[in-house]
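A short write-up of the structure that comes next.
The values are calculated or read from the model by the stated rules, or taken from the named source; none is laboratory data. Treat the numbers as computed from the prediction; the structure is a model and nothing was measured. Please note: Cβ atoms are built from the backbone with ideal geometry, for glycine as well, and neighbour counts cover all protein chains shown. Keep in mind that these areas ignore ligands, DNA and RNA; they rest on the heavy atoms of the full protein, side chains included. Shrake-Rupley method; radii C 1.70, N 1.55, O 1.52, S 1.80 Å.
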Amino acid sequence: DLDLIAARRKHPGRHTRRPQGGGAMAALAPGGYMGMQPQIILLKEGTDSSQGIPQLVSNINACIAVVDAVRTTLGPRGMDKLIHDDRGKTTISNDGATLMKLLDIVHPAAKLLVDISRSQDSEVGDGTTTVVVLAGELLKEAKPFIEEGVHPQSVVTAFRKACRIATDTIRDISTTIDEMGSTEKDEVLHKCAMTSLNSKLIAGEKDFFARMVVDAVSTLDQETLNLKMIGVKKVVGGTLRESFLVDGVAFKKTFSYAGFEQQPKRFENPKILMLNVELELKSEKENAEIRLSDPSQYQEIVEAEWQIIYDKLDKCVQSGAQVVLSRLAIGDLATQYFADRGMFCAGRVAEDDMQRVALAAGGMVQTSVNDLQRPGVLGACAKFEEKQVGNERYNLFTGCPQAKTATIVLRGGAEQFIEEAHRSIHDAIMIVRRAVKNAAIVPGGGAVDMEVSRVLREHSRMLMGKEQLFISAYAKALEIIPRQLCDNAGFDSTEVLNKLRHRHAMSDGTGKNVGIDIETGGVTDTFASFVWEPVVVKRNALQAATEATCLILSVDETVRNPASEQDQGMGRGGPGMRGRGRGRGMRR
């Protein structure tokens with residue numbers, strides 16, 4: 001053993017093996033022996049651990065690569081993306097949240113961008129591409145500082161301070177619409193909806209759809225503004241202009257039996273009965289057994305079954321209702337029974353449609369046909385009719401007394417086109433809802449971004465030390481929005497940005513609302529041009545992008561579990577072994 005120690009001292013880098021049989025030093029104490037320290041293994045063998053500045057720069061590069069995939073969709077002249085998934089489904093969209101969800105990103109740091117786009121979509125509805133592009137540009141501006149050895153926490157602190165100044169500036173330059181009359185307020189909401197639809201596939205009909213969206217939101221309960229109370233139905237065929245708003249509830253004609261065509265399809269001031277009851281003969285349960293001692297008893301059982309269904313139907317008729325809706329099936333016997341008595345019925349109505357009918361027409365969904373004479377059970381509306389829309393037939397309930405719901409019926413040539421129109425309408429509805437709740441607006445078209453950038457640059461000049469550089473970098477990053485709007489429209493972004501900087505730097509403050517004129521490629525007062533967006537969109541986008549940037553800059557080590565790598569690469573059980581010995585394989 002002394003020879004072994006001497007050999008290790010002579011050649012410290014060389015691996016020397018202990019001869020067999022000499023076990024005196026086989027177990028070293030934790031403190032080591034004669035200067036030697038045992039190797040401490042904390043992580044499982046095969047664990048990939050990356051740390052330090054290279055790891056941080058790698059995360060930033062991954063995020064910038066994701067941003068490059070969606071940055072061309074920003075603005076009124078943004079391009080669309082066609083995504084084809086493994087199931088053969090094709091999606092055409094320029095909605096940031098939809099694209100980020102469909103890209104199926106696996107990089108752990110880049111997934112943060114997916115999260116912020118989703119949060120922007122659920123919180124505000126619009127600005128999903130803006131928040132991703134902004135986060136990518138903030139990371140891009142921070143990257144040179146990180147590579148030069150600046151501590152990430154210095155950058156994070158400065159960025160958070162810049163975000164606070166930016167949100168305060170947005171609040172200061174905003175215009176509230178609380179004091180306006182109802183007509184003026186509707187006009188402002190209409191302009192906000194048009195600004196949201198400007199960058200969508202249906203921008204050509206933005207005026208038509210913006211009016212429809214504002215009317216739909218106006219019908220809701222202004223306290224809750226429940227989004228579920230606006231139904232959107234899609235009918236393939238026709239043109240966008242053939243879309244219409246139903247001031248009430250509309251749903252597609254349900255499955256019907258013989259006798260349905262004999263029922264009246266139009267009523268004035270009908271009573272509406274809503275049930276969660278099956279109105280058909282029920283088959284016996286499996287393995288049901290009835291023992292009879294006399295064949296005549298069988299006839300009694302059959303007659304009893306018929307009597308039960310006839311009693312149910314008779315109670316529905318006696319309630320005075322002319323329209324009967326049920327969540328469960330209404331069979332052929334019931335359909336013919338109601339037709340003979342001049343009533344309309346529809347079974348298997350979707351739950352959300354039934355709830356909207358109940359809220360609009362009044363009344364309650366009943367789980368039994370007993371005691372239907374009580375007040376408050378039946379609903380009512382001014383007019384019920386069945387209407388042909390394209391190849392489909394729709395049941396329309398209009399003029400409802402308690403109508404705090406509306407239905408938009410969308411028409412269009414292709415299924416993908418209608419899906420994208422639906423996403424666009426959803427964004428516009430969210431924007432109008434937010435504008436009603438948070439009644440403050442700012443000019444769009446990159447005007448607010450340039451103004452905030454100017455304020456931050458001026459503030460940075462009053463600071464000493466490295467913080468001045470970081471806040472100046474944040475201000476420069478905000479210019480990506482007007483720059484990208486120009487690039488996507490085919491304008492010279494350098495020239496337009498110079499014009500914007502010049503107008504915003506004017507000492508009299510007349511240039512604070514100046515943004516890009518997307519029609520001419522010049523600059524214009526976007527507030528006067530009615531390019532408006534709610535404050536909540538900009539504020540939320542800035543805060544979410546800054547938080548995501550700070551989170552990514554705070555990560556200096558990534559540890560990847562070898563088991564998770566194996567599962568990602570080969571699936572459970574190794575290649576070719578899916579579903580063998582480990583239960584059923586994952587569905588693709």
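Consider segment 173-210. How many of its residues are charged (D, E, K, R) and under 17 Å from residue 435 (Cα atoms)? Spell out how you get there, then give the answer.
Here is the first cut: in segment 173-210, the ones charged (D, E, K, R) are 178-179, 184-187, 191, 200, 205-207.
Then drop every residue that is not under 17 Å from residue 435 (Cα atoms), which leaves 178-179, 184-187, 191.
Going through segment 173-210 one residue at a time, the tally reaches 7.
For segment 434-452, give me the residue count where each residue is part of a helix (DSSP H, G or I) and over 22 Å from residue 517 (Cα atoms).
Initial filter on segment 434-452 (part of a helix (DSSP H, G or I)): 434-437, 447-452.
Within this subset, residues satisfying the condition of being over 22 Å from residue 517 (Cα atoms) are 434-437.
Matching residues across segment 434-452 total 4.
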Item to check | Residue, most open to solvent (accessible area, probe 1.4 Å), within segment 321-343, restricted to residues that are polar (S, T, N, Q) and closer than 22 Å to residue 282 by Cβ | outcome: 336
Next on the checklist: Residues that are open to solvent by 50 Å² or more (accessible area, probe 1.4 Å), closer than 27 Å to residue 445 by Cα and either modelled with pLDDT under 60 or among the basic types (Lys, Arg) (or both): does segment 17-32 have at least one?
Outcome noted: no
Next on the checklist: Any residue at all in segment 163-171 that's in contact with a Lys or Arg (Cβ under 8 Å, 6 or more places away or on another chain) and polar (S, T, N, Q)?
Outcome noted: yes
Checklist entry - Which residue out of 135, 216, 193, 142 is in contact with a Cys (Cβ under 8 Å, 6 or more places away or on another chain), of a type in the set (A, V, I, L, M), in a helix (DSSP H, G or I) and crowded, with 16+ Cβ neighbours inside 10 Å? => result 135
Checklist entry - Which members of segment 80-113 meet the condition of being part of a helix (DSSP H, G or I) and touching a residue at least 24 places away in the same chain (Cβ under 8 Å)? => result 96, 97, 98, 99, 100, 112, 113
Item to check | Subset of segment 486-518 (residues that are open to solvent by 30 Å² or more (accessible area, probe 1.4 Å), under 23 Å from residue 441 (Cβ atoms) and β-branched (Val, Ile, Thr)) | outcome: 510
Next on the checklist: Which pairs turn up if I take residues in segment 447-470 that are farther than 25 Å from residue 511 by Cα and touching a residue at least 60 places away in the same chain (Cβ under 8 Å) and look for partners that are open to solvent by 60 Å² or more (accessible area, probe 1.4 Å) and assigned to a helix (DSSP H, G or I) with beta carbon separation below 9 Å, at least 6 apart in sequence or on another chain?
Outcome noted: 467/157; 470/157
Checklist entry - Out of curiosity, is residue 279 farther than 26 Å from residue 435 by Cβ and not small (Gly, Ala, Ser)? => result yes
Next on the checklist: If I ask for residues that are at pLDDT 85 or above, touching a Gly at 6+ places or on another chain (Cβ under 7 Å) and not polar (S, T, N, Q), which ones from segment 524-568 would you list?
Outcome noted: 537, 541
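Are any of the residues in segment 303-310 of a type in the set (S, T, N, Q), at pLDDT 85 or above and more than 30 Å from residue 409 (Cα to Cα)?
Step one: filter segment 303-310 for residues of a type in the set (S, T, N, Q), giving 307.
From what's left, at pLDDT 85 or above: 307.
Those left that are additionally more than 30 Å from residue 409 (Cα to Cα): 307.
The answer is yes, given that some residue of segment 303-310 is of a type in the set (S, T, N, Q), at pLDDT 85 or above and more than 30 Å from residue 409 (Cα to Cα).
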Item to check | Filter result for the condition that a residue is exposed (fewer than 14 other Cβ atoms within 10 Å of the Cβ) and part of a loop (DSSP other than H, G, I, E, B), over 207, 221 | outcome: 221
Checklist entry - Which condition breaks for residue 349 when tested against (1) closer than 22 Å to residue 221 by Cα; (2) assigned to a loop (DSSP other than H, G, I, E, B); (3) of a type outside the set (Phe, Trp, Tyr)? => result (1)
Item to check | Tally of residues being farther than 16 Å from residue 353 by Cα and either modelled with pLDDT of 85 or more or in contact with a helix residue (DSSP H, G or I) (Cβ under 8 Å, 6 or more places away or on another chain) (or both) across segment 391-404 | outcome: 1
